[in-house]
Amino acid sequence: MNLRFLHIVERNFLVWRKLMIPSLTTNLADPLFYLVGFGFGIGSLVGTVNGRPYVEFLAGGMLCYSTLNSATAEALYSAFSRLKMQRTWEGILHTPMTVADIVIGEWLWAALKAVLSGSAILLIMYALGIAHGFRPLVVLPVLFLLGLCVAGLALVMTTIAKGFDFFAYYFTLVLTPMSFLSGVFFPLQSLPVSVQKIALILPLAHAALLSRGLVFGDDIPHPVLSLLLLAVYGVIGVAVSVRIATRRLHR
């Protein structure tokens with residue numbers, strides 16, 4: 001089996017390691033502000049959601065929201081910088097690496113980095129007494145799958161973009177609606193039925209359901225279907241990205 005794409009993961013890790021301290025600080029500070037500010041602040045007004053304190057409900061969604069943001073940032077801005085601005089991808093193609101190796105390596109790296117952000121949220125949950133025992137750790141593979149899903153979609157945007165301004169369309173038309181319609185900050189049941197149906201085709205909604213089920217024991221309506229949907233989004237995304245990037249780099 002060809003594992004050359006792991007060299008891309010290693011290369012990106014070595015670069016990131018130089019910026020590890022500020023990166024880890026951000027990963028820990030942002031979740032803390034969200035959980036304390038929204039969880040306890042708004043939670044004092046909301047009370048409980050589905051029989052659970054709002055801070056717990058929010059924390060289950062924030063695990064996925066933080067993972068989504070990290071994977072998106074890495075697969076959009078960082079990957080595009082290496083593709084367009086630094087022309088790192090072109091340089092790598094002078095080695096025995098292929099376009100597929102590069103894109104798959106970027107995809108995997110973005111997902112791994114996203115798990116780090118999700119882990120930071122989980123660490124904060126333990127520190128605040130929201131999570132207990134070893135059971136919540138089972139959510140980490142789901143966060144990795146969500147990272148692959150989101151990174152695959154983001155890499156499609158990266159490979160077709162001409163400049164950073166293009167990403168505004170993706171944030172406005174895809175990420176922002178998905179963030180607010182996927183049950184991260186409030187239950188899906190509070191939305192109109194027609195909007196709920198739209199939300200259930202969004203990967204973040206399924207990731208949030210899986211997250212709360214694995215961490216807190218909430219009911220997961222269709223766990224296998226949710227996992228398959230995340231996987232399909234990710235595989236289709238990276239396959240399309242490889243195809244577009246090949247045309248772009250070889251024309």
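To the nearest 10 degrees, how steeply does helix 54-73 sit against the main Cα axis of the chain, on a 0 to 90 scale? Here the helix axis deviates by roughly 10 degrees.
Summarising the label geometry, the points placed 7 Å from Cα in the beta-carbon direction at residue 248 and residue 33 lie 3.1 nm from one another. Electrostatic bookkeeping for residue 240 treats Lys and Arg as +1 and Asp and Glu as -1; over the other residues with beta carbon under 13 Å from its beta carbon, the sum is +3. Summarising the overall dimensions of the chain from its C-alpha atoms, the Rg and Dmax are 18.4, 59 angstrom. For the range 135-204, what does the alpha-carbon gyration tensor say about shape, rounded, prolate or oblate, given a ≥ b ≥ c as the root eigenvalues, a/c under 1.5 as rounded, and a/b over b/c as prolate? Since a/c reaches 1.5 but b/c is at least a/b, the shape of the range 135-204 is classed as oblate. Annotation for the range 137-185: chymotrypsin sites (Phe, Trp or Tyr not before Pro) lying in DSSP loop with at most 14 further Cβ atoms inside 10 Å of their Cβ do not exist. If you line up the long axis of helix 5-17 against the longest principal axis of the chain, both from Cα atoms, how many degrees apart are they, to the nearest 10? For helix 5-17, the angle is close to 70 degrees.
Taking Cα atoms only, the orientation of helix 20-34 departs from the longest principal axis of the chain by about 30 degrees. The convex hull built on the alpha-carbon positions of the range 95-169 has an orientation-averaged projected area of 7.1 nm².
What do you get for GluC sites (Glu not before Pro) in the range 1-108 restricted to DSSP loop and a cutoff of at most 12 other Cβ within 10 Å of the site's Cβ?
none
If the chain linking residue 162 and residue 128 were pulled fully straight, counting 0.36 nm for each residue of separation and taking away their Cα-Cα distance, it would gain 7.9 nm. Spin-label model, residue 172 to residue 239: label points 7 Å out along the Cα-to-beta-carbon direction sit 3.2 nm apart. Let me have the 222 nm mean residue ellipticity of the chain computed from DSSP H runs of 4+ only, each contributing -39500 (n - 2.57), with the sum over all residues rounded to the nearest 500. Roughly -21500 deg cm²/dmol at 222 nm, from the helical runs in the chain.
Excluding residues fewer than 8 places away in the same chain, name every one of the lysines whose C-alpha is closer than 17 Å to that of residue 162. Of all the lysines, those that pass the test against residue 162 - Cα under 17 Å, at least 8 places apart if same chain - are 84. Two numbers describe the Cα atoms of the range 122-251: Rg and Dmax, which are 16.7, 55 Å.
Taken together, the values in this text are just the output of simple stated rules run on the coordinates, not laboratory data. Predicted, not measured: the structure shown is a model, and the values here were computed from it. Every residue, glycine as well, gets a Cβ built from its backbone with ideal geometry; the counts of neighbours run over all protein chains shown.
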